[in-house]
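For reference, the structure is listed below as structure tokens.
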Amino acid sequence: MNASDQTRTDNAPAPVTKAVIPAAGLGTRFLPATKATPKEMLPIVDKPAIQYVVEEAVAADLRDVLMITGRNKRSIEDHFDRAYELEEALEAKGDTERLRSVREPSGLAQVHYVRQGEPRGLGHAVLCAEAHVGDNPFAVLLGDDLIESADLLRRMIEVRHRHGGSVVALMEVEPEQVSLYGCAGIEPTDEDDVVIVTDLVEKPAPEQAPSRWAVIGRYICDPAIFPILHETPPGRGGEIQLTDALLELARRKPEDGGTVHGVLFRGHRYDTGNKADYIRTVVDFACRRPDLADELLPWLREFVDRQGT
């Protein structure tokens, strides 16, 4: 019986209650906008991208959130704090809708912060969460990936509860895109959307990729990953790669915190990590808002028509 066939009914794994959100990157692809503004605070219309990520965690019942931040990220902390002077001004004007939107972030979750002293990769950022997480399993949500529904995260938590170990979200990408991701070698299970991860390669050349199933920015990590990260040398790009540590866990036995399962995600993911996809995300979100769609959609149609002339 393999790890996927064995559902744990006794000694069930500890519940997942904590979320870790790495937000210490330099945002170099969005310079000069990110010289003084964290890329995580760039707005998707009128709400910063990182708020969507926190909302996703909360919708999956993860209300203990740890942000891994760095220098020049103080505005993230301010966003999830109260702004009494602004609230008083809006209240005095009777602007209840904007007052609600300003107060909302501070009431979403219990948000904690720790600084990553230097940008040494995603694996190192996750390692910075060790003291807060302790011996508990935890979710990792990357701010570059926006997934509006919490269904994926809930499903990953369910898979972790049933099988233990760690869980990654996988999305099938085109062959020319595999070099942008960590890609997984997989084995099927008796569940259509769950696989066993047998291999992980960070940003492989297309001909060297174990599959077209790419790891996207949602993880459930067993605490056994921390001692591995302590010993993981810098990998691709000279950084400590989380995929390298997960590969080591995939090779270990369940009783040692090992096995890695993958949840196959076939929904819609918004990638805000590059300029073109960020713009597409903003346009998509704006066009689905009742307060903007009636004005924006006709303009977009006219704009596209003009480009064809």
**Residue selected from segment 238-294 under the condition among the small types (Gly, Ala, Ser) and in a helix (DSSP H, G or I), by the criterion nearest to Gly164 (Cα to Cα)** = Ala250
**Message:** Condition (residue is more than 28 Å from Ala150 (Cα to Cα) and among the β-branched types (Val, Ile, Thr)) applied to segment 226-237: is it met by at least one residue?
**Reply:** yes
**Prompt:** Among Ala59, Ala92, which is the only one that is out of contact with any strand residue (DSSP E or B) (no Cβ under 8 Å at 6 or more places or on another chain) and within 30 Å of Pro254 (Cα to Cα)?
**Reply:** Ala59
**Complete:** Taking segment 13-50 and keeping only residues that are of a type outside the set (D, E, K, R) and assigned to a strand (DSSP E or B), one is left with Ala19, Val20, Ile21, Pro22, Pro43, Ile44, Pro48
**Prompt:** Say we look at segment 28-79 and pick out the residues that are acidic (Asp, Glu) and open to solvent by less than 50 Å² (accessible area, probe 1.4 Å); which of these is nearest to Lys18 (Cα to Cα)?
**Reply:** Asp64
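In contact with a strand residue (DSSP E or B) (Cβ under 6 Å, 6 or more places away or on another chain) and not in a helix (DSSP H, G or I): does that describe Val53?
On the way: in contact with a strand residue (DSSP E or B) (Cβ under 6 Å, 6 or more places away or on another chain): yes; not in a helix (DSSP H, G or I): no.
No: the conditions fail for Val53.
Count, please, the residues in segment 197-207 that happen to be of a type in the set (Asp, Glu) and part of a helix (DSSP H, G or I). Spell out the reasoning first.
Residues of segment 197-207 of a type in the set (Asp, Glu): 199, 202, 207.
Pick out the ones that are also part of a helix (DSSP H, G or I) and you get 207.
Of the residues in that region, 1 qualify.
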**Request:** Output the residues belonging to segment 63-90 that are assigned to a helix (DSSP H, G or I) and free of Cβ contacts under 8 Å to residues at least 40 places away in the same chain.
**Result:** Arg74, Ser75, Glu77, Asp78, His79, Tyr84, Glu85, Leu86, Glu87, Glu88, Ala89, Leu90
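Can you tell me which residue in segment 208-237 is farthest from Val195 (Cα to Cα), limited to those that are assigned to a helix (DSSP H, G or I) and touching a Gly at 6+ places or on another chain (Cβ under 8 Å)?
So the first thing to find is which residues in segment 208-237 are assigned to a helix (DSSP H, G or I), and the list is 208, 225-231, 236-237.
Narrowing further to those that are touching a Gly at 6+ places or on another chain (Cβ under 8 Å): 225, 229, 237.
Values: Ile225: 20, Leu229: 24, Gly237: 28 Å.
Per the criteria, the residue is Gly237.
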**Gly217 within 24 Å of Lys39 (Cβ to Cβ) and open to solvent by less than 60 Å² (accessible area, probe 1.4 Å)** = yes
**Request:** Could you figure out which of (1) free of Cβ contacts under 8 Å to residues at least 40 places away in the same chain; (2) buried (at least 17 other Cβ atoms within 10 Å of the Cβ) isn't true of Lys93?
**Result:** (2)
**Prompt:** Restricting segment 106-141 to residues that are more than 14 Å from Lys18 (Cα to Cα), more than 18 Å from the chain's Cα centre (by Cα) and not charged (D, E, K, R), which is modelled with the lowest pLDDT?
**Reply:** Gly117
**Asked** Looking at segment 133-166, which of its residues are closer than 18 Å to Asp256 by Cα and open to solvent by 10 Å² or more (accessible area, probe 1.4 Å)?
**Response** Gly134, Asp135, Asn136, Arg160, His161, Arg162
**Asked** Right, Arg160: in contact with a strand residue (DSSP E or B) (Cβ under 8 Å, 6 or more places away or on another chain), part of a helix (DSSP H, G or I), within 18 Å of Pro13 (Cα to Cα) and of a type outside the set (Ser, Thr, Tyr) or not?
**Response** yes
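For the structure I just gave you, tell me whether Ala150 is of a type in the set (Gly, Ala, Ser) and modelled with pLDDT under 95.
yes
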**Request:** Looking only at segment 96-132, count how many residues are open to solvent by less than 40 Å² (accessible area, probe 1.4 Å) and not in a strand (DSSP E or B).
**Result:** 15
**Request:** Report whether or not Lys203 is touching a residue at least 60 places away in the same chain (Cβ under 8 Å) and more than 25 Å from Glu130 (Cα to Cα).
**Result:** no
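The values are calculated or read from the model by the stated rules, or taken from the named source; none is laboratory data. Only a predicted model underlies this, so the values are computations on that prediction, with no experimental measurement involved. Every residue, glycine among them, receives a Cβ derived from its backbone with ideal geometry; neighbour counts consider all protein chains shown. Heavy atoms of the whole protein, side chains included, go into the accessibility calculation; ligands, DNA and RNA do not. Shrake-Rupley method; radii C 1.70, N 1.55, O 1.52, S 1.80 Å.
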